[in-house]
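Readers should treat all values here as calculations from the given coordinates under stated rules, not as data from a laboratory. Keep in mind that this is a model prediction, so the values were computed, not measured. Every residue, glycine among them, receives a Cβ derived from its backbone with ideal geometry; neighbour counts consider all protein chains shown.
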Amino acid sequence: MEKILDATYDGEVFRPDEPVDLASNTKVKVIVEDEKAEPKKLELVEMPKKGKGEPYAFLNYLESLNLDGPSDFSRNLDEYLYGGKSLDDSE
């Protein structure tokens, strides 16, 4: 069961703001998100224009983003997605 609910932290425990249909002492995973915090804003970046007749090198643009990840991600995509290979197992 997955449900998003509001809760209040009283300094010791999180108390749901509405009843929850769970047995006592049921273990749950809690992800804390502060409602007062500003949401991260995505910044739109205009892709540079190339001169007439020049193909745009999209891979150069992607490389400029400095994305973090294993060097074999493309080669082993299916393994990462479906085969159980974790990002920590990269060469």
Exercise. Can you list the residues, at least 5 places off or on another chain, whose amide H is less than 5 Å from the amide H of Ala7, using H built in the peptide plane?
Worked result: Asp17
Exercise. What residues qualify as long-range amide H neighbours of Asp72, i.e. H under 5 Å apart, gap of 5 or more or another chain, H built at 1.01 Å from N?
Worked result: Glu91
Exercise. Which FRET efficiency value, to the nearest 0.05, do you get for Glu18 and Glu38 by plugging their Cβ-Cβ distance into 1/(1 + (r/R0)^6) with R0 = 22 Å?
Worked result: 0.30
For this session: Using label points projected 7 Å from each Cα along Cα→Cβ, tell me how many nm separate Glu63 and Glu2, to one decimal.
Result: 3.6 nm
